[in-house]
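The values are calculated or read from the model by the stated rules, or taken from the named source; none is laboratory data. Source: prediction; values computed, not measured. We place every Cβ from the backbone using ideal geometry, glycine too, and count neighbours over all the protein chains shown. When the accessible area is computed, the model is the full protein with side chains, heavy atoms only, and any ligands, DNA or RNA have been set aside. Shrake-Rupley method; radii C 1.70, N 1.55, O 1.52, S 1.80 Å.
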Amino acid sequence: MDNETFRDWSRRVADWGVDYRAGLRDRPVRPAIAPGEIFRSIEASPPETAEPMERIFADFEEKIVPGMTHWQHPRFFAYFPANAAPVSVVAEYLVSAMAAQCMLWQTSPAATELETRIVDWMRQALGLPEGLSGVIQDSASSATLAAVLTMRERALDWQGNKKGLAGQGKLRVYSSDQVHTSIDRAIWVSGIGEENLVRIPVSGRFRAMDPAALEAAIVADRAAGLLPAGIIACVGGTSIGGTDDIAVAAVAERHGLYLHVDAAWAGSAMICPEYRHFWAGVEGADSIVFNPHKWLGAQFDCSIQFIRQPEDLVRTLAIKPEFLKTLGHDGIINYSEWSVPLGRRFRALKLWFLLRAYGLEGLRAMIRNHVAWSEGLAARLAREVDFELVSEPMLSLFSFRHKAPSGTNPDEHNLRLVNAINTDGRIYLTQTRVEGRVAIRFQAGQFESTAADVAAAFDVITEIARRPS
């Protein structure tokens, strides 16, 4: 592809992207296809000779797009969003065109220094105290793994990486059962082991860890010769928004434990001062993660991890072979030393564009609308005699259940309902289990959703629930 062909196709693809986004309301949110259908439509062997771009792009439109779930659809109410505000897409065009590998300051000075500035912009926007540093990770999963590795190394007096875990004390990490499964995976990958993730009982509307039970578990483990390493709290858990009281920071401090706070989805809402009570005391955490690529509109991937003592993170993760040293410069930041992967994308650019194009007030208005619309929908469903709320709104997330006809299994009934809603295609929801029973989740968070889209969700849900079986 020469420069002129590159120019032509870049324009055509940009035009296609605008038309695609403009027409999303006319598409079903989720495709009605059978597993394997797309796979069978793709040639079984790679081409030996070059094919024209016209044919490649035609296949993209005919074979790929009809098989996509449309995450930017304004009636995507299922998983937490993976928003991509248009200005963020424009920034990603530029990142893709430059194709920089931003692992070190010297490999992309502007990327490193913009990241440092943008992370501090977000610190201020969230009302976090001065002194917190941070890094843009690819996802909250990576940030959580980095935090778990750090708490492991601190608990082992920095000997885990060097000597391994064999012969060391048995480490223990504490969380509720409301945390994301990425915590389980971090425990696996770190070598701590699933049996050493201690689930603390929860209570209250937001299913928060019981601080007294947490402290008792730590004391009991120490008495049994085990080695408590850290606590993982959540703000806005994935299932129904489970949110811990960050007063557990006091427990962590008393026992010298590392505290990581996972606010992957809900953290974005903290740009609104009135929601910050959900993580009151968060300044006591050692590590905090939230995903601008969820609710704020920064295109995936873009996850910010704030760190109280970055030297601990660097001590855990940094490897400095000769070929990665920046000669003649001291005190610079190489963000590859702050993350598990060595390679790094230029993630700060889209967040810089986004914050400048919308401003904090524009983003606050969007989040406040989503919360208000979700609360309104929850209230409407609660007034319907054949629906019940399972969990009240936590910001813009709540769950509900349709009352099953007599003689029908309630779980099977609600699974059939959510499947029927998603097959219909006008909206997209997901299910979860709350205290062992099936519930249907609703979450308003898509960047271009409107009040009318959320109102349409009520019509679709009630219409399909009341169809004759």
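When every Cα-Cα distance of the range 102-164 is counted in 10 angstrom steps from zero, the calculated P(r) takes the values 19, 33, 36, 12, 0 percent. Its Cα centre serving as origin, the range 273-321 has a Cβ charge dipole (Lys and Arg +1, Asp and Glu -1) of approximately 120 debye.
Scalar couplings 3J(HN,Hα) for the range 251-266, obtained by applying the Karplus form with A = 6.51, B = -1.76, C = 1.60 to θ = phi - 60°, are 5, 4, 5, 4, 9, x, 9, 6, 10, 10, 10, 9, 10, 3, 8, 6 Hz; x denotes Gly and Pro.
Take the chain and mark each of the GluC sites (Glu not before Pro) that is in a DSSP loop with at most 13 other Cβ atoms within 10 Å; the longest unmarked stretch, sites excluded, is 131-434.
Our summary gives the range 357-469 a relative contact order of 25 percent, counting only alpha carbon pairs under 8 angstrom and 6 or more residues apart.
In this calculation the C-beta distance from Lys63 to Ala318 is compared with R0 = 45 Å, giving a FRET efficiency of 0.55.
Based on C-alpha pairs under 8 angstrom that are at least 6 apart in sequence, the range 119-249 has a relative contact order of 25 percent. Using the Cβ-Cβ distance between Glu37 and Ala213 with R0 = 56 Å, the FRET efficiency computed as 1/(1 + (r/R0)^6) comes to roughly 0.70. Straightening the chain between Thr462 and Glu274 buys 64.5 nm, computed as 0.36 nm per residue apart minus the Cα-Cα spacing.
A simple charge model with +1 on the Cβ of Lys and Arg, -1 on the Cβ of Asp and Glu and nothing else charged puts the dipole of the chain at about 600 debye relative to its Cα centre. Simple rule: put +1 on each Lys or Arg Cβ and -1 on each Asp or Glu Cβ in the chain, find the dipole, and look at Tyr93, Pro31, Met53; the Cα lying farthest toward the positive end is Pro31.
The value given for the range 272-424 is a Kirkwood hydrodynamic radius of 20.1 Å, derived from the mean inverse Cα-Cα separation. Each listed q (0.18 Å⁻¹) maps to a log10 I(q)/I(0) for the range 161-263, found by the Debye formula over equal Cα scatterers with no solvent: -0.82.
Taking Lys and Arg as +1 and Asp and Glu as -1, the other residues whose beta-carbon sits under 14 Å from that of Glu412 total +4.
In this simple spin-label model, placing a label point 7 Å from the Cα along the Cα-to-Cβ direction at both Met98 and Ala365 gives a separation of 3.0 nm. For the range 394-439 and the range 162-189, what is the centre-to-centre distance using only Cα atoms, to the nearest Å? Centre-to-centre (Cα) distance: 32 Å.
At 1.4 Å probe size, with the rest of the protein present, what percent of the exposed accessible area of the chain is carbon and sulfur atoms? It is 54 percent, rounded to a whole number.
A crude spin-label estimate for the pair Asp26 and Trp9, with each label 7 Å from Cα along the Cβ direction, gives 2.7 nm.
Extension gain, Arg222 to Glu130, is 29.7 nm, computed as 0.36 nm per intervening residue step minus the present C-alpha separation.
When the Cα convex hull of the range 401-465 is projected onto planes of every orientation, the mean area is 4.7 nm². In this view, the solvent-accessible surface of Asp459, computed with a 1.4 Å probe and all protein chains in place, comes to about 80 Å². Computed from the C-alpha gyration tensor, the three semi-axes of the ellipsoid equivalent to the range 209-281 are 26, 12, 10 Å, from longest to shortest.
Taking Cβ atoms as reference points and 13 Å as the exclusive limit, the residues near Ile367 contribute a net charge of +1, counting Lys and Arg as +1 and Asp and Glu as -1.
Working from label points 7 Å from Cα in the Cα-to-Cβ sense, the Thr432 to Leu389 distance is 1.5 nm. Direction-averaged projected area, Cα convex hull, the range 1-94: 7.9 nm², rounded to one decimal. Each residue of the range 447-464 was assigned a 3J(HN,Hα) from its phi angle through the Karplus curve 6.51 cos²θ - 1.76 cosθ + 1.60 (θ = phi - 60°); the sequence is 4, 10, 5, 10, 4, 5, 5, 5, 5, 5, 4, 4, 4, 5, 4, 6, 4, 6 Hz, with glycine and proline shown as x. A 1.4 Å probe run over the protein chains yields, for the chain, 46 Å² of accessible area per residue, whole-number rounding.
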